[in-house]
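What follows is a set of notes on a single structure, which appears directly below.
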Amino acid sequence: MSTAGGRTPLIGVLALQGGFAAHGRALERCGARVREVRVPTDLDGLDGLVLPGGESTTLMLGFAREGLGEPLVEFVRSGRPVLATCAGMIVLDRERLGALDLRCERNAFGRQVHSFEDELDLDGLDGPPMRAVFIRAPWVAEHGPGITVLAAVDGHPVAVRQGAVTAVSFHPELTGDDRLHAALVTAAGTQAD
Ligand code: GLN
């Protein structure tokens, strides 16, 4: 399957650690070609990128080991579409790679509440509310004016947008609701034209 008008977009999935395989399957269901990203050259020629959840401290160590931090920031700054989920959002914040003008609070919903689900209405997403699975999830504690909040839980932002980056606290790859992946593939297909 190819997206309307463009060639089939090639989307990278950061695959150092964490839940990358399910993202790859979701992207393929949406018609993308998928490449796992482990070293900087894997970013070459990508039309879009997913930063999966996992453990942000482990991811940051992996970036240092592979020299991936600066290339990831450059990728975000290039304006190509990015979907960042959970730890993938945390590593982009001001205190880590500094690619997003926000600060995440890690494990923000409390250590006792390791996991919960909610129904979220995301601004800009057509259709019914999205079932959102939160696993030791962050929330956005502070953000600058360039950040648009798409959804919040108890007043805390859990889905945001900055330019071509959509960042969410939850795990859209676990529910079979591929709308965020589809939006990424569509945006990446426009890049690929
Ligand atoms: N708690 C993890 C962290 O702080 C994030 C969890 C996740 O990605 N599901 O990095």
Selection count where residues are among the acidic types (Asp, Glu), away from the ligand (no atom under 13 Å from the Cβ) and in contact with a helix residue (DSSP H, G or I) (Cβ under 8 Å, 6 or more places away or on another chain), scope segment 40-87
2
Among the residues listed as 141, 137, the single one being surrounded by fewer than 18 Cβ atoms within 10 Å (Cβ to Cβ) and within 16 Å of the ligand (Cβ to nearest atom)
141
Taking the condition under 23 Å from residue 141 (Cβ atoms), in contact with an Asp or Glu (Cβ under 7 Å, 6 or more places away or on another chain), touching a residue at least 12 places away in the same chain (Cβ under 8 Å) and buried (at least 22 other Cβ atoms within 10 Å of the Cβ), does residue 99 pass?
no
Is there any pair linking a residue in segment 51-76 that is in contact (Cβ under 8 Å) with a residue 12 or more places away in the chain and farther than 19 Å from residue 95 by Cβ to one that is more than 16 Å from the ligand (Cβ to nearest atom) and among the charged types (D, E, K, R), with Cβ under 8 Å and at least six apart or on different chains, and which?
66/38
Provide a single number: the residues in segment 145-188 that are part of a loop (DSSP other than H, G, I, E, B) and touching a strand residue (DSSP E or B) at 6+ places or on another chain (Cβ under 7 Å).
8
Check residue 126 against each of (1) out of contact with any strand residue (DSSP E or B) (no Cβ under 7 Å at 6 or more places or on another chain); (2) more than 16 Å from the ligand (Cβ to nearest atom); (3) among the charged types (D, E, K, R); (4) under 23 Å from residue 59 (Cβ atoms) and name the one condition it does not meet.
(4)
Suppose we filter 98, 24, 67, 110 for residues that are farther than 24 Å from residue 157 by Cβ, over 14 Å from the mean Cα position of the chain (by Cα) and of a type in the set (Gly, Ala, Ser); which single one remains?
67
Pairs where the first residue, in segment 15-41, is at positive phi and the second is among the polar types (S, T, N, Q) and buried (at least 18 other Cβ atoms within 10 Å of the Cβ), C-beta under 6 Å, 6+ apart:
31/3
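Each reported figure results from applying straightforward, stated rules to the coordinates on display, with no laboratory input. The shown structure was predicted, so the numbers you read here are calculated from the model rather than taken from an experiment. Every residue, glycine among them, receives a Cβ derived from its backbone with ideal geometry; neighbour counts consider all protein chains shown.
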